[in-house]
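Structure first, commentary second.
The values are calculated or read from the model by the stated rules, or taken from the named source; none is laboratory data. Note that the coordinates shown come from a computational prediction; the quantities given were computed from them, not determined experimentally. Glycine gets a Cβ as well: all are built from the backbone with ideal geometry, and neighbour counts include every protein chain shown.
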């Protein structure tokens, strides 16, 4: 395979197939402020609208529950956070709750017993006059969805060049929205640019007071909104903030300015697995199996907390200084998923997302997907590590998708019999028949991993077969010069040119985090429920 920098992962909103129903409501934000809004419901999800302006869209599979207050006067919709609304009347309340149920938007609706009878009676009456089926902004068209998946899609972070930006050092301190401990952009010195994607830059930074090295991911809020990545970004932040594992990057700090979000993470000295695979062409089986085993442990940890990862690829697997893997980039993760696949029972997901080479067939066919997507992408990654190319790869994306759905796998001679057996059992198109569908033990006990002591491996006591090259005079020796040759620059964008609307900013209000402080706080309800 001719390795070029592959496209980053993609996600798209589904095209609605049913009428949209809208209601006038009073939205109550976390500060108790009441706002006139239109709540727009369809089988595809929920939109919160201010007049004709869409404040946010939530996919139906990302809405976990709706809870009606005991007095029946308001209800709360739970996603990554809670959104509360007050309908105009009890009749209005009954019809909204019925819409949530009939459109199958949420996994559960909780309501006082007294409301059930009123809802039943309301279903016999006429449609409420506030219900409308038109005159609302359209969902993204099929053409736009295809554009998001196009090879010609812009994959670069917006340029910081221009007269509208000034160096971060000149930023006024009062502009920074910080954690209580006062950690912000000016507490770090930029050393190198080590990565760049659709809406983020990643810098190697040094914390000024301790000298510790970190990777700092910088995202522009306006660009997250434009690319519909707000929800994914908050999902990544939530996962990183609540969960730690030996083979996942750890979040140390997060903070924001009026125009940008910052994640300060472990610096993985060994760089991306992609970089090493590009240099060597393929890995020896012993090394590929070792990496696969550590990746599997991280994925099983997420699955045990009902989280699916959905974006496994060499670019998202980092190596630390000892050579252990660190799973990174949790923007496509989804919590609350209990199913193996769409037809296996439990809660599944339906959003079309991932990186084309690694997308599982059930994602392409839209039948619903669960934990099995991560086992599939693990098989694809192992095949690529052993051969240098993913098993279904084609330069024509539509042909590659056809290969994933019904193509046969050709096993080169470099793949040994045990690896071939493992791949033939994990790259099974029906997720319920895929290796791992009956639990992680059936993966661990496969002969391919006979040399792996799983308990010792998870304790980081098993020495990696490969240790990345480390040089004190070149901290970025394991990173692509395409990035490190650029001058590291994080510029200040004035709020009036890069800020976001108030409702979006409210979503970011809970973004700040300090590991040293927050680790001492009680565990959140979200983490406890996992």
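Of the residues that make up segment 424-439, is at least one surrounded by fewer than 12 Cβ atoms within 10 Å (Cβ to Cβ) and more than 14 Å from residue 285 (Cβ to Cβ)?
Yes: one or more hits.
Testing residue 318 on (1) part of a helix (DSSP H, G or I); (2) closer than 22 Å to residue 197 by Cβ, one condition comes back false. Which one is that?
With (1) part of a helix (DSSP H, G or I); (2) closer than 22 Å to residue 197 by Cβ applied to residue 318, the lone miss is (1).
Consider residue 70 carefully, then state whether it is part of a loop (DSSP other than H, G, I, E, B), at pLDDT 65 or above and surrounded by fewer than 19 Cβ atoms within 10 Å (Cβ to Cβ).
So residue 70 fits the description; yes.
Give the residue, chosen from 34, 30, 47, that is within 29 Å of residue 89 (Cα to Cα), surrounded by fewer than 14 Cβ atoms within 10 Å (Cβ to Cβ) and at pLDDT 80 or above.
None of the other options fit; the residue is 34.
Only one of 328, 339 is outside the structural domain of residue 202 (by TED's automatic domain parsing) and in contact with a strand residue (DSSP E or B) (Cβ under 6 Å, 6 or more places away or on another chain); which?
Values: 339 fails: in contact with a strand residue (DSSP E or B) (Cβ under 6 Å, 6 or more places away or on another chain).
Testing whether each residue is outside the structural domain of residue 202 (by TED's automatic domain parsing) and in contact with a strand residue (DSSP E or B) (Cβ under 6 Å, 6 or more places away or on another chain) leaves just 328.
Pairs under 7 Å by beta carbon, first residue closer than 16 Å to residue 43 by Cβ and outside the structural domain of residue 349 (by TED's automatic domain parsing) in segment 79-108, partner in a loop (DSSP other than H, G, I, E, B) and at pLDDT below 65, six or more apart or different chains?
Once the first residue is closer than 16 Å to residue 43 by Cβ and outside the structural domain of residue 349 (by TED's automatic domain parsing) and sits in segment 79-108, its partners that are in a loop (DSSP other than H, G, I, E, B) and at pLDDT below 65 give 98/123; 100/106.
When you scan segment 371-386, do you find a residue that is assigned to a loop (DSSP other than H, G, I, E, B) and assigned by TED's automatic domain parsing to the domain that holds residue 352, even just one? Spell out the reasoning first.
Step one: of segment 371-386, the residues assigned to a loop (DSSP other than H, G, I, E, B) are 371.
This time we only want the ones that are assigned by TED's automatic domain parsing to the domain that holds residue 352, so: 371.
The answer is yes; a qualifying residue exists.
With respect to residue 363, is the statement that it is in contact with a strand residue (DSSP E or B) (Cβ under 8 Å, 6 or more places away or on another chain), without any contact (Cβ under 8 Å) to a residue 60 or more places away in the chain and part of a loop (DSSP other than H, G, I, E, B) true?
So residue 363 fails the test.
State yes or no: is residue 335 over 14 Å from the mean Cα position of the chain (by Cα), touching a residue at least 60 places away in the same chain (Cβ under 8 Å) and within 23 Å of residue 228 (Cα to Cα)?
no
Take the conditions crowded, with 18+ Cβ neighbours inside 10 Å and over 30 Å from residue 192 (Cα atoms) and apply them to residue 475. Does it pass?
No: the conditions fail for residue 475.
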